[in-house]
1. How many residues are in a loop (DSSP other than H, G, I, E, B), of a type outside the set (Val, Ile, Thr) and either more than 10 Å from chain A (Cβ to nearest Cβ) or surrounded by 13 or more Cβ atoms within 10 Å (Cβ to Cβ) (or both) if we restrict to the stretch B:133-159?
2. Restrict the check to the stretch B:41-64 and report whether at least one residue is within 14 Å of chain A (Cβ to nearest Cβ), in contact (Cβ under 8 Å) with a residue 40 or more places away in the chain and buried (at least 18 other Cβ atoms within 10 Å of the Cβ).
3. Of the conditions (1) outside any helix (DSSP H, G or I); (2) at pLDDT 75 or above; (3) not polar (S, T, N, Q), A:ARG485 fails just one. Which one is it?
4. Out of the residues in the stretch A:137-154 meeting the condition of being polar (S, T, N, Q) and buried (at least 19 other Cβ atoms within 10 Å of the Cβ), tell me which one is nearest to A:GLY358 (Cα to Cα).
5. Run down B:LYS112, B:LYS171, B:LYS203, B:LYS176 and say which single residue is modelled with pLDDT of 80 or more and either away from every other protein chain (no Cβ under 14 Å) or in a strand (DSSP E or B) (or both).
6. Would you confirm whether any residue within the stretch B:145-164 is farther than 30 Å from A:LEU418 by Cα and at pLDDT below 80?
7. When both residues are 6+ apart or on different chains and their Cβ atoms are under 8 Å apart, which pairs have a first residue that lies in the stretch A:297-316 and is at the interface with chain B (Cβ under 7 Å from one of its Cβ atoms), and a second that is surrounded by fewer than 16 Cβ atoms within 10 Å (Cβ to Cβ) and polar (S, T, N, Q)?
8. Strands (runs of 3 or more DSSP E) wholly in the stretch B:10-108 with at least 1 residues that are hydroxyl-bearing (Ser, Thr, Tyr) - which ones?
Amino acid sequence: MDTASVASSAQERPKWDNKVQYLLTCIGFAVGLGNVWRFPYLCQIYGGVFQYPNFLYELIKALLGYYRMIALVLAGVASMIISLLVGLFYNTILAWVLWYFFHSFQEPLPWSQCPINENNNGYVQECVASTPVNYFWYRQTLNITPDIEQSGSLQWWLVVCLASAWSIVYICFIRGIETIGKAVYVTSTFPYLVLTVFLVRALTLPGATDGLRYLFTPDWALLMDPQVWLDAATQIFFSLSLAFGGLIAFSSYNPKKNDCERDTLVVGIINSATSLYASIPIFAILGFKATGNFNFCINSNILDLTNAFDVAERNITIENYESWLTHLNTTDPDKVSSLNLKHCDLQNFMDQSASGTGLAFILFTEAVIEMPGSQVWAVLFFIMLFSLGLSSMFGNLEGVLTPLLDLHLVPRWMPKELFTGLICVMNFLVALIFTLGSGNYWLEIFNSYVGSIPLLVIAFCEIIGVVFFYGMNRFSDDIESMTGRRPNLFWRVCWMGISPIMLLVVLVAYVVVQVQKHPTYPTWNPEYENFPESEVKPYSGWVFAICVLLSTVPVLSIPIVAVYRLIRRQTQLQTGSSLPNPYDNQAFSTGSIKAL
Amino acid sequence: MLAGVLLLIFLPPLVAKDLCKDSQDGFKVRLSIKTALGDDAYEWNESEMFLFRSTLAYAMRKQTKQDTYNITNILVCNDTQRVSFVFVVTSPDDPDQLIPKEQIEQAVRQNKHRINNAFLLSDMTLEFVGIPPTLAAPIIYDTEPWLIVFGVVIGAVAVGIVALLMSTVSKKRRAKEKAAGLSEEDEGIVKENGTALSGLGGKEGVYNQTFSNDNRFTEL
């Protein structure tokens, strides 16, 4: 340990009050929005086979907390930059959640009906063409522009919500882990409570069993697609927050004698279990929504037929719809075809999955309208999302704060509260980009380019650094000193072989896939001829340059910092070590004696 | 003679039917009683039709402010099992003349609410084909509800931040006072032999155990 730092710091390094706080904070950081809205989506695609690689990487992260020096040297700056960038857009998502939360108290819910246009003679055209839920999200919340080139202006309501989100984050983060440790008792446990309530409610909804059956039958054909595996790998990394400095920072506040192996397993298992647990109510609700959409589709067809042929009410039902249709088609096919009946397929409605913001703000809000007592469910859902996101935000900010503190980049005179406040204010100002009209497009860019390649590269560097540069034996000795036992064969094989190889494979495959096609993005353009389908546009030159920059700057910091450290060490060796040697009272150091 | 009498008797309804069937000024009406009321649905029969015709006559009276409209002015045809039919309105002054579409539309529009209520139906379940329902006026709030919730949340957060900052400031002040308090005691004590006794843990000084009573251990 650096004796200088021990001697100079009058304040003690802050500590967790108890083990529970540390575990809850790690769980809160690892369990975030991704568990609720990314995992179920991927599960839908290929049935959750990607669980196994999770466990391979977890031990590394908790253990690396104790090697914050090594970690900081190799990848700390990179982790810090990534945590900063992710924190920017993550809190914007929380601002959106807050916006929906504020509106959930309204009766009726504002996304349940279209607003009336200015002439009072019909509904707003954009809303009629798409759906009220889509209109509320794209127009009344985001006020989105047709493409990323047109920035639009700052949307004042989003600025207000963003300010509230950052204030709430600040109040929990104000004294670092002292206040975070208290806040996580609520933010990490509340989501589980809400998920249980939703589970009970969702299982009693009609159509829930269809949704669940859909979840547990994977589409084997999709397993052949490497892109799917790639998505899964990045999902794991993003979900476990592996390469973020956050987990490292949290672990560094633990006492030295700590059973980190058990901690990691606990966090990892709970993270995976939460994902699975969250997908059950989500799929039940999606099944309910799909069944509702299907019934609505069939009923509107039935109404069209009843009105056109003046059949008595309720004679055509969902059960005998098919037979009636064939009968009417034989007697009067022209009239039937002129009705333009919709084709209703339950499987089609089930396939309408979405991940990310699409799931929370469109699919789920649509489902909640149909549930009795919609306001209550909406409020609960959005509070749950907010807690999930808030506990992950703590990790992001700690991943920024702790390295800054440890590298002594904070001026002495500045109290911690002021420093954390400054961080929050600066983040808020930069995040105002996401409140522009084109903000959502920028957020997607950050999401895809910061959360993919840099994470994989950093995780790879960290594992290589610890295993090959620090040495497996030294690492095992340290673990033995902390936990009392050496890591067994399973872990060693993972660290030395499977994990680096898998990371490398995923990284290479990802880069190869990305460079093959020019990236495009979906836009919401009311002028588009196929509206409400999204118009896919390519990124223009300068936007793509920014994407590349976002991917490479965090990664580049690794070699830059490494070179810087190497140079510093060379100059230290030449002038005599600056690290104080406790046995050297400097009376006889080589520098001060003149040659006699 | 008999033929003439028969003609006279049956002519008006025949004429009436023709007026209704061929007319451009008629509206098709559709009722969805079972959808609206479910198990409480009533059966559609002559009496219900009578009620319909009387409500329409009422609507015409209200709109034209003429009390001369009667149930005989409302002609109905094309009854179906759907419960849909076509109706026309004849002028009270001249039974062969039909009231134009626009006027009927206005009358229906203004009194749709009353007509709906007479049948326990709504705009969705009692349709006049060609007369779109007037949309409910949007609710205009004095303060949007979301701003109220936002105000509550932001107020609580601001109070919290101020409280936390105050507690930090007061903690620092108390620590400073304690340090200041100790240094004040320094001034009050007379220094003996150049040493200040305050740093040694209190005014009483340090208990020197050399001369303590140790009778319990040894007997001289």
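1. 4
2. no
3. Status for A:ARG485: all satisfied but (2).
4. The extreme case among them is A:THR141.
5. One residue alone meets the criteria, B:LYS112.
6. Taking every residue of the stretch B:145-164 in turn, none turns out to be farther than 30 Å from A:LEU418 by Cα and at pLDDT below 80.
7. Cβ pairs passing all conditions: A:THR306/A:ASN315; A:ASP310/B:THR80; A:ASP310/B:GLN81; A:VAL311/B:GLN81; A:ALA312/B:GLN81.
8. Values: elements: B:27-31, B:74-77, B:84-89.
Because the criterion is at least 1 residues that are hydroxyl-bearing (Ser, Thr, Tyr), the strands (runs of 3 or more DSSP E) in the stretch B:10-108 that meet it are B:84-89.
The values are calculated or read from the model by the stated rules, or taken from the named source; none is laboratory data. If you're wondering where the values come from, they're calculated on a predicted model, not measured in any experiment. Cβ sites come from the backbone with ideal geometry, for glycine too, and all protein chains shown count toward neighbours.
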